[in-house]
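This report concerns only the one structure given below.
Every number here is computed from the coordinates shown, using simple stated rules; none is lab data. Model, not experiment: these values are computed from the prediction. Every residue, glycine among them, receives a Cβ derived from its backbone with ideal geometry; neighbour counts consider all protein chains shown.
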Amino acid sequence: MEKKYSKAWIGKGVQHEKLDLVRVTLKTEDAMKHQHEFEGVKLLTFELSKLQEPDKFGRTHTAYVSVPEEVEAVKPKKTASKE
């Protein structure tokens, strides 16, 4: 089995005009499905990625959680050698 990752989208954000920060709005219900616990503390780990261009609402970033998935490894096909 091979581990691959899919993206679970949980929110969007907007780059501040003057400051180096992004204001993010998360869908709480979706985000909390991906929380985990470490040393008795509940955590949420997510990625924030800049969009290639702002969406129709002016949002410049997207937030998502990388979800590991087990998939069967694909065996490379053998090709006949030319002699």
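Please verify whether E39 is in contact with a strand residue (DSSP E or B) (Cβ under 7 Å, 6 or more places away or on another chain) and farther than 26 Å from L21 by Cα, treating the condition exactly as stated.
Working: in contact with a strand residue (DSSP E or B) (Cβ under 7 Å, 6 or more places away or on another chain): no; farther than 26 Å from L21 by Cα: yes.
So E39 fails the test.
If you take the residues of the range 40-60 that are loosely packed, with under 10 Cβ neighbours inside 10 Å and of a type outside the set (A, V, I, L, M), which of them is farthest from the chain's Cα centre (by Cα)?
Of everything passing the filter in the range 40-60, G40 is farthest from the chain's Cα centre (by Cα).
Considering only strands (runs of 3 or more DSSP E) fully contained in the chain, which possess at least 1 residues that are of a type in the set (G, A, S)? Full working, then the answer.
Values: elements: 2-15, 22-26, 36-38, 41-43, 47-50, 61-71.
The strands (runs of 3 or more DSSP E) meeting that bar are 2-15, 47-50, 61-71.
Going by the structure shown, is L43 closer than 12 Å to G13 by Cβ and of a type in the set (A, V, I, L, M)? Show your work before the answer.
Values: closer than 12 Å to G13 by Cβ: no; of a type in the set (A, V, I, L, M): yes.
No: the conditions fail for L43.
So which residues in the range 46-77 are under 23 Å from G13 (Cα atoms) and of a type in the set (K, R), if there are any at all? Write out each step before concluding.
Residues of the range 46-77 that are under 23 Å from G13 (Cα atoms), as a first pass: 46-67.
The answer is K50, K56, R59.
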